[in-house]
Amino acid sequence: MDNPPNINDDSFRTSDRDALFPTDRATHAPRILLLYGSLRERSFSRLMTEEAARVLRKLGAETRIFNPTDLPQPDSVDADHPKIAELRDLVTWSEGMVWCSPERHGAMTGIMKSQIDWIPLSLGGVRPTQGKTLAVMQVNGGSQSFNTVNQLRILGRWMRLLTIPNQSSVAKAFLEFDDDGRMKPSPYYNRMVDVMEELVKFTTLTRDIKDHLVDRYSERVETAAELSERVNQKAI
């Protein structure tokens with residue numbers, strides 16, 4: 001009576017402790033890709049992204065920042081465009097990401113969304129974002145808001161990323177950076193460090209087991225059904 005009648009036993013799996021706690025773990029620096037959402041000459045999302053990258057490197061991570069200048073609008077060109085290829089290669093390279101966008105009209109910018117829209121859910125049979133980690137941040141021209149980080153979380157979930165609990169939202173960002181573009185000491189700065197610290201921890205913890213963490217019963221059932229259909233078609 002306790003056995004769920006609709007379970008496909010051939011596709012059902014219990015958690016594999018050996019897969020969750022492997023003895024052989026990666027030792028290279030965590031690879032983090034950072035995206036920002038503004039093309040302004042003095043872009044506070046870029047400045048905050050660069051500051052976050054400095055913190056990540058101090059924490060032992062390897063970082064790369066994508067410059068969205070000249071990135072075409074989604075679906076306006078073929079995916080072999082150099083900027084699109086660059087972005088996709090960086091996403092494939094990464095083990096975690098940071099998304100930092102200004103809030104404009106209560107939402108993330110089109111520049112930010114365009115970058116995410118060019119990242120495919122599947123690329124050559126590989127899901128380039130699935131199971132990787134994500135940290136979200138935003139900068140505000142006025143009072144503090146969380147609209148953009150909340151939207152980025154939705155997108156992160158849709159892209160099957162493991163979005164960490166902490167996040168950063170900086171109010172009146174124009175007051176938080178000096179003339180050299182460096183972020184001033186403040187509780188906002190401390191919170192950004194918190195987020196980067198947490199991202200490195202989550203990335204290091206999950207990168208070796210990400211495939212097991214996102215291995216889904218529903219997809220195993222679907223795959224088994226497709227295989228059966230193909231075999232039956234060949235037999236006919």
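The values are calculated or read from the model by the stated rules, or taken from the named source; none is laboratory data. Values in this document were obtained by computation on a predicted structure and should not be read as measured data. Using ideal geometry, Cβ is built from the backbone for each residue, glycine included, and neighbour counts are taken over all protein chains shown. Keep in mind that these areas ignore ligands, DNA and RNA; they rest on the heavy atoms of the full protein, side chains included. Shrake-Rupley method; radii C 1.70, N 1.55, O 1.52, S 1.80 Å.
Just so you know, in the stretch 187-236 the residues that are open to solvent by less than 60 Å² (accessible area, probe 1.4 Å) and outside any helix (DSSP H, G or I) include one that is modelled with the lowest pLDDT, and it is VAL214.
Look at VAL170 and say whether it is under 13 Å from PHE44 (Cβ atoms), modelled with pLDDT of 95 or more and crowded, with 20+ Cβ neighbours inside 10 Å.
Criteria met by VAL170.
If you go through the stretch 37-48 and keep only what is touching a residue at least 12 places away in the same chain (Cβ under 8 Å) and surrounded by fewer than 20 Cβ atoms within 10 Å (Cβ to Cβ), you end up with LEU39, ARG42. Output yes when any residue across the stretch 50-71 is modelled with pLDDT of 95 or more, under 15 Å from the mean Cα position of the chain (by Cα) and among the hydroxyl-bearing types (Ser, Thr, Tyr), and no when none is. Yes - at least one qualifying residue is present in the stretch 50-71. Checking SER15 against (1) assigned to a loop (DSSP other than H, G, I, E, B); (2) open to solvent by less than 50 Å² (accessible area, probe 1.4 Å), only one condition comes out false. Which one? Among (1) assigned to a loop (DSSP other than H, G, I, E, B); (2) open to solvent by less than 50 Å² (accessible area, probe 1.4 Å), the lone unmet condition for SER15 is (2).
Among the helices (runs of 4 or more DSSP H) confined to the stretch 49-162, the ones with at least 2 residues that are open to solvent by 60 Å² or more (accessible area, probe 1.4 Å) and closer than 20 Å to VAL214 by Cα are located at 147-158. Assessment of the stretch 74-97 against the conditions (under 12 Å from the mean Cα position of the chain (by Cα) and free of Cβ contacts under 8 Å to residues at least 40 places away in the same chain) yields at least one matching residue. Residues that are of a type in the set (D, E, K, R) and over 21 Å from ASP194 (Cα atoms) within the stretch 141-166 comprise ARG157, ARG160, listed in sequence order.
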